[in-house]
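Participant: Below is a structure I'd like to ask you about.
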Number of protein chains: 2
Amino acid sequence: MQNLTIDGDRLWQTIMETAAFGATSDGGIRRLTLSQEDKQMRDWFRAQCEALGCTVTVDTVGNMFALRPGRNADALPIAIGSHLDTQPTGGKFDGILGVLAGLEVFRALHATGYETEQPLVLVNWTNEEGSRFAPAMLGSGVHAGVFDRDFADSRTDIDGVSFGQAIDEIGYRGQTPIGSTRFAAMFELHIEQGPILEREGIDIGIVTGVQAMRWYDLTITGQEAHAGSTPMDMRHDALVDAAKILLAAQEAARELGGLATTGQLAIASPSRNVIPGRVTISLDLRHEHDEELERLEGEVVSFIEQCCGDRAELRTIWNSPAVRFDPSCLDAIRAGAHQSGVSTREIVSGAGHDSVYVSKVTPTAMIFVPCKDGLSHNPAESATQSQCAQGAQVLMNAILSYASVEIR
Amino acid sequence: MQNLTIDGDRLWQTIMETAAFGATSDGGIRRLTLSQEDKQMRDWFRAQCEALGCTVTVDTVGNMFALRPGRNADALPIAIGSHLDTQPTGGKFDGILGVLAGLEVFRALHATGYETEQPLVLVNWTNEEGSRFAPAMLGSGVHAGVFDRDFADSRTDIDGVSFGQAIDEIGYRGQTPIGSTRFAAMFELHIEQGPILEREGIDIGIVTGVQAMRWYDLTITGQEAHAGSTPMDMRHDALVDAAKILLAAQEAARELGGLATTGQLAIASPSRNVIPGRVTISLDLRHEHDEELERLEGEVVSFIEQCCGDRAELRTIWNSPAVRFDPSCLDAIRAGAHQSGVSTREIVSGAGHDSVYVSKVTPTAMIFVPCKDGLSHNPAESATQSQCAQGAQVLMNAILSYASVEIR
């Protein structure tokens, strides 16, 4: 393995240059999937890859594959992938860093004329964010066989425009059959979207997997009554029950090393001087291990029963088991980080990523870099030039390390 | 004092007959202040009083006074008063019982030809509910000098119609100057709107006063963050703080014998997988004694400071001191209840009533009867025929008892 280095300045300038596609006045980016801004970004991306001698193919849901040939044309390519779309009030790094760091890897290899044994492929997955067309991670999900193409085409945005119409409008319905582009492995670099690496002063997160997550809606029925004339011990206050339950879920998550969040709470017919009679809350429970998430759910369910009996109704609306990334990919990232001399820790992703679906069909792993205050999906989302450069260097090292192992 | 009795059947039939004015299909009444339904009810009320030989005058905010002459034309009249308007989804008893029981007292006196020493006056206060024109208790408030007439006229409903326009439209702007109708005392019969009498099996509540109440809005600022990637110990979850505070307020109210209610809660930009960054809750604190309410507020404020420091902002939006009803009026009610042989307990009203404002200018007290499940402001609001009859009988007894004391 040669001691190849990426160009941190060039990567940073590329991030800032392409931030113009969908730039918002507050320093963020609004580049919704299959919008005109997304088309601008895709056209630019294709042109840059072609300038490096890559062949760019597009599948029928718009996933873009830039192939850099290797010495062995018969070997499966090693992939680098992430996404170029953003949230409506997105930032400059979420997803984008992973693709542009891959481009920087290709540029660095190109500049030195370095030829890998296996081909490399750089992927832009369509509609990772899911904010224009739900669900999220749609392009990688179709690629991995989680969703079919008709399902993707039928998704509509808030104005009633379908995914199928939108992709045809911007001319990014390609000819490459779904799933026909196979990889030996995929690596994804991403900002952490959480505060752990920054708080601990760690350069690189070696992402060993993605947490198990379950989403619930909980409705509690009490009895509406007058706030002034109902004694405290004669009340059935649904909001009080909801408050106790959401705090108990937090407590159970702390004890079991998981996460519990209530992000939504609605009182039916709220009035300042009426004791709430019906309250609905969301509950988001996560844990690194499926069996621990099961325990966490069990503790929450038992508290709800004890608190409300049959006055509570808990509905599970989403259930996503834990994902473990590929050991040999993780070894390649460890080796790549060691070679760079950066500090590392293992970390489990709390958010979903294209890698979750890709890992179903391909050995996959991820690399995290810190981001300021753990913020993402926000114009203030931020990472430093040196953090981005370190991530890109580890990404390149990992690819080359993985390649060298493969050909041994 | 003669042993006069009201006619419980006639009272019940009158309640059911007038429930037609604004009747809703679910058995409730929608009779908004100064609406056509309110005009129908007012016309009916005026005709019934005039049929008993009363003179009905109307002041410039629509308060109606039906005067039944006494032997001594120079004595101030003893008043019975409540209201005939309802909530948008109101029931058959709230306010209505107090006016129609007064009418039944007049009918019973009329039937036996009984002449009191002092005149009696039966009052229908305009806009007690405050649901078409805020604030509540507007007519009695103008009468007592709490609000002025221009303020009342300028109130607008949700369609932009002013109180002044509405009163002119239904022809209930009278000539009697505000406050010129003075009373020796006023008695108001009302349903409890709470569960205490029913649960304890008590017939009559002797209402010694109205609780002190304060309304607040509390805004808590935390930090929005990703529900999946922010560890529990790195969160600033504004909803968790709000839940702790509302439970602490409940706990403090229990300890101090007061009431605490949160009826409204709003998360800024709620999302299922985002830790809430800003939450606003309402807080309604009540206590029988002003100084204990002060202590309750102190405990809540100190908990908020301890929990949130300067991330919380508490604004007081309404402050109503405790009201103590007149001892001689209360004695008259006690005597009247004793004469009827009903069971009684002293009770403090948790809700506001016309009597709160009238008590500022006239000796005043109230009588409560139980209502089913403590429900009010609801089509299911209910009291039995015998409960209504007992209340009306105690009301008559109290008037006559008060009159006999006065002339001694």
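The values are calculated or read from the model by the stated rules, or taken from the named source; none is laboratory data. Predicted, not measured: the structure shown is a model, and the values here were computed from it. Cβ coordinates were reconstructed from backbone atoms using ideal geometry, including for glycine residues, and neighbour counts include every protein chain displayed.
Participant: Spot the failing condition for residue B:215; the list is (1) outside any strand (DSSP E or B); (2) facing chain A (nearest Cβ under 7 Å), and only one is missed.
Facilitator: Here residue B:215 clears every test but (1).
Participant: Scan (1) at the interface with chain B (Cβ under 7 Å from one of its Cβ atoms); (2) free of Cβ contacts under 8 Å to residues at least 60 places away in the same chain for the single condition residue A:233 breaks and write down its number.
Facilitator: Failed condition: (1).
Participant: If you don't mind, there's one more thing I want to ask. So residue A:307 ticks every box in (1) under 18 Å from residue B:250 (Cβ atoms); (2) within 11 Å of another protein chain (Cβ to nearest Cβ) but one. Which box is left unticked?
Facilitator: (2)
Participant: Right, another one. So residue A:317 fits all but one of (1) closer than 30 Å to residue A:219 by Cβ; (2) away from every other protein chain (no Cβ under 14 Å); what number is the exception?
Facilitator: It fails just one condition, (2).
Participant: If the requirement is being in the same structural domain as residue A:46 (by TED's automatic domain parsing), more than 30 Å from residue A:61 (Cα to Cα), in contact with a Ser or Thr (Cβ under 9 Å, 6 or more places away or on another chain) and not acidic (Asp, Glu), which of these qualifies: A:202, A:245, A:191, A:170?
Facilitator: Every option except A:202 fails the conditions.
Participant: Let me ask another. Out of everything in the range B:194-212 that is in contact with an Asp or Glu (Cβ under 7 Å, 6 or more places away or on another chain) and facing another protein chain (nearest Cβ under 7 Å), what residue ends up being surrounded by the fewest Cβ atoms within 10 Å (Cβ to Cβ)?
Facilitator: Across the range B:194-212, the extreme among qualifying residues is B:195.
Participant: Also: Among the residues of the range B:243-259, count how many are touching a strand residue (DSSP E or B) at 6+ places or on another chain (Cβ under 8 Å) and within 8 Å of chain A (Cβ to nearest Cβ).
Facilitator: 4
Participant: Could you list, in sequence order, the residues of the range B:236-254 that are touching a residue at least 12 places away in the same chain (Cβ under 8 Å) and among the acidic types (Asp, Glu)?
Facilitator: B:237, B:241, listed by residue number.
Participant: Can you find a residue that is modelled with pLDDT under 95, of a type in the set (Asp, Glu), in a helix (DSSP H, G or I) and more than 30 Å from residue B:7 (Cα to Cα) anywhere in the range B:298-308?
Facilitator: No - not one qualifying residue is present in the range B:298-308.
Participant: Could we say that residue A:191 is under 27 Å from residue A:395 (Cβ atoms), more than 9 Å from every other protein chain (Cβ to nearest Cβ) and either surrounded by 23 or more Cβ atoms within 10 Å (Cβ to Cβ) or aliphatic (A, V, I, L, M) (or both) here?
Facilitator: Judged against the criteria, residue A:191 is a match.
Participant: Quick one: which strands (runs of 3 or more DSSP E) lie wholly within the range B:44-149 and hold at least 3 residues that are surrounded by fewer than 22 Cβ atoms within 10 Å (Cβ to Cβ)?
Facilitator: Counting at least 3 such residues, we get B:55-58.
Participant: If only one of A:185, A:227 is in contact with an Asp or Glu (Cβ under 8 Å, 6 or more places away or on another chain), closer than 27 Å to residue B:280 by Cβ and either surrounded by fewer than 19 Cβ atoms within 10 Å (Cβ to Cβ) or among the hydrophobic types (A, V, I, L, M, F, W, C) (or both), which one is it?
Facilitator: Residue meeting the stated conditions: A:227.
Participant: Still on this structure, I have one more. State all residues of the range B:1-55 that are hydrophobic (A, V, I, L, M, F, W, C), over 25 Å from residue B:77 (Cβ atoms) and free of Cβ contacts under 8 Å to residues at least 24 places away in the same chain; if no residue qualifies, say none.
Facilitator: B:20, B:21, B:23
Participant: What tally of residues in the range A:1-56 results from selecting those that are in contact with a Cys (Cβ under 7 Å, 6 or more places away or on another chain) and among the aromatic types (Phe, Trp, Tyr)?
Facilitator: 1
Participant: Against the conditions (1) farther than 30 Å from residue B:374 by Cβ; (2) of a type in the set (Lys, Arg); (3) in contact with a strand residue (DSSP E or B) (Cβ under 6 Å, 6 or more places away or on another chain), where does residue B:182 fall short? Just the number, please.
Facilitator: Here residue B:182 clears every test but (3).
Participant: Residues in the range A:353-360: is at least one surrounded by fewer than 20 Cβ atoms within 10 Å (Cβ to Cβ), of a type outside the set (Val, Ile, Thr) and within 14 Å of another protein chain (Cβ to nearest Cβ)?
Facilitator: No - not one qualifying residue is present in the range A:353-360.
Participant: Filter the range A:233-243 down to residues that are buried (at least 18 other Cβ atoms within 10 Å of the Cβ) and out of contact with any Cys (no Cβ under 7 Å at 6 or more places or on another chain) and give me whichever is farthest from residue A:264 (Cα to Cα).
Facilitator: In this case the residue turns out to be A:235.
Participant: Counting only residues that are facing another protein chain (nearest Cβ under 8 Å) and under 21 Å from residue B:217 (Cα atoms), how many does the range A:263-298 have?
Facilitator: Summing the residues that are facing another protein chain (nearest Cβ under 8 Å) and under 21 Å from residue B:217 (Cα atoms) in the range A:263-298 gives 11.
Participant: Now for a separate question. Counting only residues that are among the aliphatic types (A, V, I, L, M) and under 14 Å from residue B:230 (Cβ atoms), how many does the range A:253-283 have?
Facilitator: Going through the range A:253-283 one residue at a time, the tally reaches 3.
Participant: Can I ask one more? Out of curiosity, is residue B:181 in contact (Cβ under 8 Å) with a residue 60 or more places away in the chain, away from chain A (no Cβ under 14 Å) and either in a strand (DSSP E or B) or touching a helix residue (DSSP H, G or I) at 6+ places or on another chain (Cβ under 6 Å) (or both)?
Facilitator: So residue B:181 does not fit the description; no.
Participant: Give me the residue from the range A:244-289 that is charged (D, E, K, R) and under 22 Å from the mean Cα position of the chain (by Cα) and, out of that set, surrounded by the fewest Cβ atoms within 10 Å (Cβ to Cβ).
Facilitator: Among them, the one singled out is A:288.
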